[in-house]
Amino acid sequence: MNENNSNRCVIRILGLVDGTPTDFDGQYVVEYDPSRTGTQPVTGKPMPVFHLVTTPDISQATRFTPDETVDLYRAVDQRNPIRADGEPNRPLTAFSVETDTLAAALPPAGWHVDPHNSRYWRWWDGTAWTSHIAAR
């Protein structure tokens, strides 16, 4: 696997293709497995359709290679691989998604509002949050 971050991207869930709002809309993918039971992000209740963990914070999003991104999007639920219409059961394809390469997706190094406590600034080194904070 190529560890060069310039070849990696983040996946952002835009929403369901049919326009129905979900709690995943606008969120970045952290984990996805179509063959596992997931947890509903707001209620914490089991979500039998798929396992999807997301975050609104791009710095917490998983960085995928282009091949990993395609593989995730096309991944089939092995528990129920064929839909009623005979097509492969690929749950993530029910969503519109966008990808951003890290160069385009991440803000430049500098002081930014701390994503965990908006009363503070936190230093962003261009690729990750550091432990350096300052009062706003």
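No lab work stands behind these numbers, since they all come straight from the coordinates. Predicted model, so just to flag it, every value in this text is computed and none were measured. Cβ sites come from the backbone with ideal geometry, for glycine too, and all protein chains shown count toward neighbours.
Here is how the numbers come out for the structure above:
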quantity	calculated
The stretch 84-135, relative contact order in percent, only Cα pairs under 8 angstrom and at least six apart counted	23
Full-extension gain in nm, A84 to T130, via 0.36 nm per residue minus C-alpha separation	11.7 nm
Kirkwood Rh in Å, taken over the chain so that all alpha-carbon pairs contribute	16.4
The chain: relative contact order in percent, alpha carbon pairs under 8 Å with at least 6 residues between	24
Pairwise centroid distance, computed over Cα atoms, of the stretch 86-136 with the stretch 5-84, Å	16
Selection from L92, G44, Y73, by position along the positive dipole direction of the chain (Cβ)	G44
Point-to-point label distance, V76-D57, nm (Cα→Cβ direction, 7 Å offset)	3.8
Cβ charges +1 (Lys, Arg) and -1 (Asp, Glu), total dipole of the stretch 5-105, debye	200
Gyration tensor (alpha-carbon) shape descriptor, the stretch 34-78, a/c threshold 1.5	oblate
Computed label-point distance, nm, for sites Y120 and L14 using a 7 Å Cα→Cβ extension	3.6
Theoretical ellipticity at 222 nm over the chain - DSSP helices of four or more residues, -39500 (n - 2.57) apiece, nearest 500	-2500 deg cm²/dmol
